[in-house]
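Colleague: Below you will find the structure I want to go over with you.
FYI, it's all coordinate maths here, none of it is from the lab. All figures in this text were calculated on a predicted structure; none of them were measured in a lab. Ideal geometry is used to build each Cβ from the backbone, glycine not excepted, and the neighbour counts take in all protein chains shown.
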Amino acid sequence: MTHTLSAKHTDAPPATRRRLTVSPRARSIVEKLVGAGIVLWGAATAAFLAQVALPGDRATTILNVRSGQTQLRTPEELAPINAEYGLQDPVLVQYLDYLGGLLRGDLGISYQQHRPVWGIISEQVGATLALTAVTLVLAWVIMVFWVTLTAGRGPRIRAFGSGVDTVTAGLPPYWLGILLLLVFALGLGWFPVIGGTGVNGIVLPALTLAIPLAGFMGQATRTEFERSLDAPFVLTARMRGMGDVGIRLRHVLRHAVLPAVTLSGWAIGATISGAVIVESLFTRPGIGSVLITAVDSQDLPVVTGVVVLVAATYVVANLLVDLAYTLIDPRMKNS
Amino acid sequence: MTDLRQQAVATAPVRRHVSAGFVASAITLGLFVVAAVAPNALTPHDPFAMDFTQALQSPSLVHWFGTDESGRDLFSRVIYGTRESLAIGAGAAGLAILVALVLGSVAALAGRIPAGIVNRVIEVLFAFPTLLLALLLVSILGSSPLTLVIAVGLGSAPGYARMVRGQVLSSKNSGYVEAARALGHSRSTILRQHILPNALRPLIAIFTMGVGQSIVWASGMAFIGLGVAPPSPEWGALLDAGRAYITQASWLTVLPGFVIVVLALAATTLGKHIQSFLEKGEKA
């Protein structure tokens, strides 16, 4: 969001016309790419620092994590671990190795499972991405339906609509999940209690994540929706004899969803992290169980691997939203 | 001067319009504070007394929230868990705001280069979702109530830091600061008397909402077994303990969860009211 604000496109001087013309649009795109690159680099650095910050001797920790014991180790035991993870190198060398590894798609080696982190994550990430995608679609459908139905009506309906937004936005996923589980899986038996990977098993976990997200996006959309309802173009449309539903769907909605589009990058990150709790509740496969086990056993390469991937997803999604704006917004056209 | 003051007194009652939402959320939070300070005043039973003949009783007039697998009264346990849950929530929100205040003020007030660096740091930290950042910290520090406070506090700090930066920036660019500058006040006077008080005031609202949010995060982490562990009556620990009985005794998770939702909702509502009250005060 701040990328959009910080882009100085409006007051760029039209000086360089004679030389190689750099349009403000191109410059703003380059600025955004550089900004995203810096954030990615910062995220990788934070992940590296987290691994170094683990208290105690790392080789000892790795051996203890692997064996599930807590004991002092002899130098003979530690030597192969130090060699394998390059722990005898200076920290700067380790840092550069880590960054180089990330560029090649190497997230490090799990302390506990003794195999590449990427392998562990890639086995499970599909289920989480499927859940995330279904959640985002469901959240948009619920949000658009609810806001179009209740925004800008009489004062009572308006208050009710935005009240529902506030309440649902604050619902913790574990609680909503338990309620849905009790009503629709145990009570009515419409859905399986244990998620699984089938189409039927994804409905309740996705709804659990989508309802609060819809409430959250609804709050942003509702404000813009009610503002757009008073806009001149709506009056024009009314004068042309267009019906209320048509105006809401064809004119107002288009303006009103922009803040929610801006939230998409954030929403993807928030949904993936909410998925950790929901996957645990519905015993669904996914990176949630990988992450919970890794946090519990201090398997830091796995934890930082997941965290870096989610941060990268957030940055890329935000970048795409920003670039889409740059390309769509007619005010950005270089005359 | 006196004229102005009289005017202010005369218009005050008009602004003191209190809504039902404000009263309800304030009373609700007040009850939670009572439960935290003097839990024995509200509990009908001993929260730690086990009675296996009464195990897994569903909610009734005797046991309002039912009993757990050891026959302990769940309502009393929820009341007794309030202190730790509130302490975790307030501690985490306080820590988050403290960190946010430092980062946000530097980002808004420092020179171009330090501000730029801190801005980037905030952006980087904001790329990590709260729960994941908190889980990363728990995996480094191990899980205990104190690390939970640190993890949730630092995990939610980046979002608050962006808010503080916005507040300080808008205060810095406001008319009254321009006026103070034109009057020749020194930088430190302007900072102390104008920018900080105006940027700090909204933090009361943000803190109120943050306490509720932090409790939700902390209990979520307990729910996946990475927060406060049973047999503590802390709310997250109650959820964790009740998970095993979802099919037979759903009240063990539904009711503590409901209490968390009520608290979070009351905190959000009260925070929003404080916020709009402060904004009105600024306009008037």
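Colleague: Given an 8 Å cut-off on Cα distances and at least 6 residues of separation, report the relative contact order of chain A as a percent.
Modeller: That works out to 26 percent.
Colleague: In which sequence would B:190, A:194, A:272 go, from the one with the fewest C-beta neighbours within 10 Å to the one with the most?
Modeller: Numbers: B:190 20, A:194 10, A:272 28.
Ordered from fewest to most neighbouring Cβ atoms within 10 Å, B:190, A:194, A:272 come out as A:194, B:190, A:272.
Colleague: Residues with beta-carbon under 12 Å from that of residue B:273, excluding residue B:273: net charge, scoring Lys, Arg +1 and Asp, Glu -1? Spell out each step's value before the answer.
Modeller: Values: positive: B:272, B:280; negative: B:279.
With Lys, Arg at +1 and Asp, Glu at -1, the neighbours total +1.
Colleague: Let me ask something additional. Calculate the translational D of segment A:33-106 in whole µm² s⁻¹ from Stokes-Einstein, where the hydrodynamic radius comes from the Kirkwood formula applied to all Cα pairs, the temperature is 25 °C and the viscosity 0.890 mPa s. Let's see the in-between values first.
Modeller: Values: Rh = 13.8 Å.
Reported coefficient: 177 µm²/s.
Colleague: Once amide H atoms are built 1.01 Å from N in the peptide plane, which residues 5 or more positions from residue B:56, or in another chain, come under 5 Å H to H?
Modeller: Answer set, sorted by chain and number: B:67, B:68, B:69, B:70, B:71.
Colleague: Could I ask something else about it? In a shell of Cβ-Cβ distance under 11 Å around residue A:174, excluding residue A:174 itself, what net charge do Lys and Arg (+1) and Asp and Glu (-1) give?
Modeller: On the way: positive: B:243; negative: B:240.
Its environment carries a net charge of 0.
Colleague: Let me ask something else about it. Using only the Cα atoms of chain A, build the gyration tensor, take square roots of its eigenvalues as a ≥ b ≥ c, and label the shape rounded, prolate or oblate: rounded if a/c is under 1.5, else prolate if a/b is larger than b/c, else oblate. Walk me through the intermediate numbers first.
Modeller: Values: a/c = 3.32, a/b = 1.40, b/c = 2.38.
Because a/c hits 1.5 or more and a/b fails to exceed b/c, chain A counts as oblate.
Colleague: For chain B, would you read off the P(r) tail past 22 Å as a percentage of all alpha carbon pairs? Mind showing how you got there, number by number?
Modeller: Details: 25932 of 40186 pairs.
Here the long-distance tail beyond 22 Å is 65 percent of all Cα pairs in chain B.
Colleague: Treating the angle as unsigned and between 0 and 90°, give the value, to the nearest 10°, between the Cα long axis of helix B:145-172 and the longest Cα principal axis of chain B.
Modeller: Roughly 20 degrees between the two axes.
Colleague: Another question about this same structure. Can you give the local net charge around residue A:205? Use residues other than it whose beta-carbon is closer than 11 angstrom to its beta-carbon, Lys and Arg +1, Asp and Glu -1.
Modeller: On the way: positive: A:284; negative: A:279.
That works out to 0.
Colleague: Tell me, what ³J(HN,Hα) does each residue in segment B:108-113 have, in order and in whole Hz, if you take phi through Karplus 6.51 cos²θ - 1.76 cosθ + 1.60 with θ = phi - 60° and put x for Gly and Pro?
Modeller: Karplus values, whole Hz, x for Gly and Pro: 8, 10, 6, x, 4, 6.
Colleague: While we're on this one: Going by alpha carbons, how many degrees (0 to 90, nearest 10) lie between the helix axis of B:130-141 and the longest principal axis of chain B?
Modeller: Long axis of B:130-141 versus the principal axis of chain B: about 70 degrees.
Colleague: Now, a different point. Take each complete run of DSSP H in chain A, measure how far its Cα atoms stretch along the helix's own axis, and keep only those covering 30 Å or more with mean Kyte-Doolittle hydropathy at least 0.0; list them.
Modeller: Flagged H segments are A:24-53, A:117-150, A:199-229, A:300-328.
Colleague: If you don't mind, another one. Under the classification rounded if a/c is under 1.5, otherwise prolate if a/b is larger than b/c and oblate if not, where does the protein assembly as shown fall, given a ≥ b ≥ c as square roots of the Cα gyration tensor eigenvalues? Walk me through the numbers before you get to the answer.
Modeller: On the way: a/c = 1.42, a/b = 1.12, b/c = 1.27.
The shape class here is rounded.
Colleague: Quote the relative contact order of chain B in percent (integer), defining contacts as alpha-carbon pairs under 8 Å separated by 6+ residues.
Modeller: 21 percent.
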